[in-house]
Amino acid sequence: MSIARALTYRPAVLLMDEPFGALDEMTRERMQLELLRIWRVSRPAVLFITHSIPEAVLLSDRVVVMSPRPGGLVGDVAVDFPRPRNVELLSQSRFVEMVAHLRTLMAG
């Protein structure tokens with residue numbers, strides 16, 4: 001509901017902190033695709049915080065990885081998959097490799 005409320009104002013910047021964290025996997029996937037559709041139509045800048053590496057890669061043009069306490073920058077990785085994106089991207093070898101690379105960065 002709060003996402004819909006925020007979008008009614010057609011913001012130039014959309015801040016999203018774990019918006020899909022409490023959803024089951026299928027609903028989460030539908031919401032990810034809906035966010036991609038919304039972005040394609042209105043093009044807001046989106047700052048999306050997530051602990052899901054595949055979600056970050058699917059939705060982002062850039063993934064910034066932070067370390068645990070004290071929070072510091074560990075990596076800044078460009079995501080150059082073409083748009084529009086869909087869930088088929090999740091099974092591509094380059095996608096899987098990028099997820100593995102980001103997981104390595106997080107592990108330190």
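Residues checked against (1) within 15 Å of the chain's Cα centre (by Cα); (2) within 14 Å of residue 106 (Cβ to Cβ):
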position	(1), (2)
20	yes, no
28	yes, no
31	yes, no
37	yes, no
41	no, no
47	yes, no
70	no, no
77	yes, yes
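In the stretch 18-29, is there at least one residue being more than 17 Å from residue 83 (Cα to Cα), β-branched (Val, Ile, Thr), part of a helix (DSSP H, G or I) and touching a strand residue (DSSP E or B) at 6+ places or on another chain (Cβ under 8 Å)? No: zero hits.
Screening 11, 68, 19 for residues that are at pLDDT below 95 and touching a Pro at 6+ places or on another chain (Cβ under 6 Å) leaves exactly one candidate, 11. Only residues that are touching a Ser or Thr at 6+ places or on another chain (Cβ under 7 Å) and over 19 Å from residue 36 (Cα atoms): list them for the stretch 63-94, please. Selection gives 74 alone.
For (1) under 27 Å from residue 2 (Cβ atoms); (2) not in a loop (DSSP other than H, G, I, E, B), each residue gets a yes or a no:
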| site | (1), (2) |
| --- | --- |
| 38 | yes, yes |
| 65 | yes, yes |
| 76 | no, yes |
| 85 | yes, no |
| 88 | no, yes |
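The values are calculated or read from the model by the stated rules, or taken from the named source; none is laboratory data. Being a predicted model, the structure only gives us computed values, none of them experimental. Heads up, the Cβs are rebuilt from the backbone with ideal geometry, glycines too, and the neighbour counts pull from every protein chain shown.
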